[in-house]
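Peer 1: Encoded as C-alpha cells, here's the structure I'll be asking about.
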Amino acid sequence: MKQFKSFFFKTLLASLVFTQFTTACVMVKKEPEVEKKEFVNLESFHIVGYSLRTSYEDEKHANDIEKLWNHLEENFDAQLFHSRANDKIYVVTYNFTEINGTESFDVLLGYKVDNPSSSLKSKFISVKIPSSRYYKQLVKGTSEGSVVKAWEQIFKTDINRSYKYDFEAYSFNKDFEMENVEIFVSVFVKDQ
C-alpha cells in the first residue's frame, strides 16, 4: 500500500511542479513540441475518478482542475488505483453548454478502467468515452504551459468539433515526470 501511495504522491507532485512552471512557459511563449497531429477512430472505454462542473469564466476551470488533482491526491483509493488499465491519468471534459456566452462543462480526473465495477461506480463518477472519431495531438514537454499552447493551436484550427467528449491522457516516465500528453478532441465523423 505504501508503494502505491508513494507512486501516486510522486505523480501528483510532478503535476504540481509543471503547474507552477506554467507562468514561465507562457511568458516565453514557446510553442509546444507537437509530435503528431492526426485523426483517429477510438473504441469506447471508461474513465473513473472525481468530477465537477466548471466554466471558462474568470479562469475558473484552471482553479477547479487544480482542486481535482488535490482531491485525487488527498483521497487516495487503492481499489481505483489497482483497477486502472494503464499508468496514464486522464482529464475529460464533457457535457458542454453555453449560456449567455459562457461555456460550462464537466471535468473528470481519473484513470481508464477496463470494466468499472459497481463498487467503483458507487464511490466515483464513471464516464464512458464513446466510440468515435477524434482529432489527436501529441504534445511533448514538461509543463502544463505546453498543453495550454497546444489547446490554443487547436482552437485556431478549422476542425469541426462536436463538443461531446474531449480528453487529455498524461504519461509519466519512471521518475514520475510528465513525458507527454495526448490530446483528443471529439469531431464530427465527416472530418478527415
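Rule-based calculations on the coordinates, nothing more; no lab input. Owing to the predicted nature of the structure, the values given are computational and were not obtained by experimental measurement. Reconstructed Cβ throughout: ideal geometry from the backbone, glycine too, with neighbour counts over all protein chains shown.
Peer 1: Principal axis lengths of segment 92-150 from Cα atoms, whole Å, largest first?
Peer 2: That gives 38, 36, 24 Å along the principal axes, largest extent first.
Peer 1: Based on the alpha-carbon gyration tensor of segment 38-192 and its eigenvalue square roots a ≥ b ≥ c, which shape applies: rounded if a/c is under 1.5, prolate if not and a/b is larger than b/c, or oblate?
Peer 2: rounded
Peer 1: Among all the aspartates and glutamates, which ones have a C-alpha under 12 Å from Lys136's C-alpha, if same-chain residues fewer than 8 places away are not counted?
Peer 2: Straight-line reach from Lys136, under 12 Å: Glu35, Glu38, Asp166, Glu168, Glu182.
Peer 1: Related question: Quick check: Cα centre of segment 54-85 to Cα centre of segment 139-186, how many Å?
Peer 2: 17
Peer 1: Follow-up. Tell me the trypsin sites (Lys or Arg not before Pro) within segment 159-192 that lie in a loop according to DSSP and have at most 16 other beta-carbon atoms within 10 Å.
Peer 2: When the trypsin sites (Lys or Arg not before Pro) of segment 159-192 are filtered for loop state and at most 16 Cβ neighbours within 10 Å, Lys174, Lys190 remain.
Peer 1: Something else: Set the bar at 18 Å for Cα to Cα. Now go through Lys67/Lys140; Lys112/Lys149; Lys67/Lys164; Lys37/Lys140; Lys37/Lys164 and name every pair that lies beyond it.
Peer 2: The pairs that break the limit, which is 18 Å between Cα atoms, are Lys67/Lys140; Lys112/Lys149; Lys67/Lys164; Lys37/Lys164.
Peer 1: Right, another one. With only alpha-carbon pairs counted, each pair once and no self-pairs, how large is the Kirkwood hydrodynamic radius of segment 136-185 in angstroms?
Peer 2: Answer for segment 136-185: a Kirkwood hydrodynamic radius of 11.6 Å.
Peer 1: By how many nm would the segment from Leu42 to Val148 lengthen if fully extended, with 0.36 nm per residue of separation less the alpha-carbon distance? Present the calculation step by step, with values, prior to reporting the outcome.
Peer 2: Working: separation 106, 0.36 × 106 = 38.16 nm, distance 2.36 nm.
Extra length from Leu42 to Val148 when fully extended: 35.8 nm.
Peer 1: A further question on this structure: If contacts are Cα pairs under 8 angstrom and at least 6 residues apart, what is the relative contact order of segment 129-179 in percent?
Peer 2: Once divided by the residue count of segment 129-179, the mean separation gives 39 percent.
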